[in-house]
1. Relative contact order for the chain: what is it in percent, counting Cα pairs under 8 Å that are at least 6 residues apart?
2. Would you count, across the chain, every pair of lysines whose alpha carbons are under 22 angstrom apart, provided the pair is eight or more residues apart or spans two chains?
3. Whenever you get a sec, compute what percent of the accessible area on the chain sits on carbon and sulfur atoms (1.4 Å probe).
4. Given the whole protein assembly as supplied and a 1.4 Å probe, what does the accessible area of H191 come to in Å², nearest 10?
5. Within the chain, which is the longest segment that contains none of the trypsin sites (Lys or Arg not before Pro) sitting in a DSSP loop with at most 14 other Cβ atoms within 10 Å?
6. Using only Cα atoms, tell me the angle between helix 2-24 and the longest principal axis of the chain; keep it within 0 to 90° and round to the nearest 10.
7. Evaluate E = 1/(1 + (r/R0)^6) for N224 and A100, where r is the Cβ-Cβ distance and R0 equals 25 Å; express this FRET efficiency to the nearest 0.05.
8. Ordering M24, M213 by accessible area with a probe of 1.4 Å, largest first, what comes out?
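The values are calculated or read from the model by the stated rules, or taken from the named source; none is laboratory data. As the structure is a computational prediction, the values presented were derived from the model and not from experiment. Using ideal geometry, Cβ is built from the backbone for each residue, glycine included, and neighbour counts are taken over all protein chains shown. Just so you know, the surface numbers come from the protein's heavy atoms only, side chains and all, with ligands and any DNA or RNA stripped out. Shrake-Rupley method; radii C 1.70, N 1.55, O 1.52, S 1.80 Å.
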Amino acid sequence: LSLVAATAWAQDAKTVVANASKAMGLDGLNSLYYYGSGKNFSLGQNNNANQPWPQTPLNDYTRAIDFTVPASRSTWATYAIPVTGGAASLQRGQQNILPASAGNWGQQLEIWTTPWGFLKGAAANNATVQRQTIDGKAVQVVSWNAPVKSPGGKDYRVVGHINSDGLVEKVTTWVEHPIYGDLQVDTNYNHYRDNNGLKYPTEIVQRRAGWPMFTAQILGAFANPSKLA
């Protein structure tokens, strides 16, 4: 009976993930590109424990993800005032996540905690599911272990909330930090739109240690673009 129950539960998790993948437009999705504007925040650099981390605006923000590698690249531009003072100047930044960093969960989580990456990871890593009511709303809470191991040899856990429309609303994981220890990383995805079947959130809010670490307003997203930026 236990074996039958476990098999039924696993199949149920697969069904939940498959239905959400269809709702999100993941069928045939190998890569995507999205753009907008946002803010980065400096973890632990606030002047007061009751204030959020200091922020830096991100103009012309873009992110491209190739799930077949997997790899990702994000770029942005911002006007920044030097620490020593003076006039602000335009600076450009980028983040590259390559196969060489496959063992670095601190970088890899930026791929697998996206709504699309989360579902792809869940489909490949024996996900489990629980039905819960959170803030008065029924959600499917899907969990899976990343193949990457922590320095202590433990699995990195990834937990996502899928709403009744099959959309990923929140993804949580944990990463080691020299000061905070097991640092919880929560990313919320809000106000979804549709582009030829691809569902994408127009608002992203990632929090670490309880404060926003990254926010973005997404203007558009494209599935399987001919060229990744």
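1. Relative contact order here is 22 percent.
2. Qualifying lysine pairs in the chain: 19.
3. 50 percent
4. Accessible surface of H191 is approximately 130 Å².
5. Longest gap between qualifying sites, sites excluded: 1-153.
6. Between helix and principal axis, roughly 50 degrees.
7. With R0 = 25 Å, the Cβ-Cβ based efficiency is 0.55.
8. From most exposed to least exposed: M213, M24.
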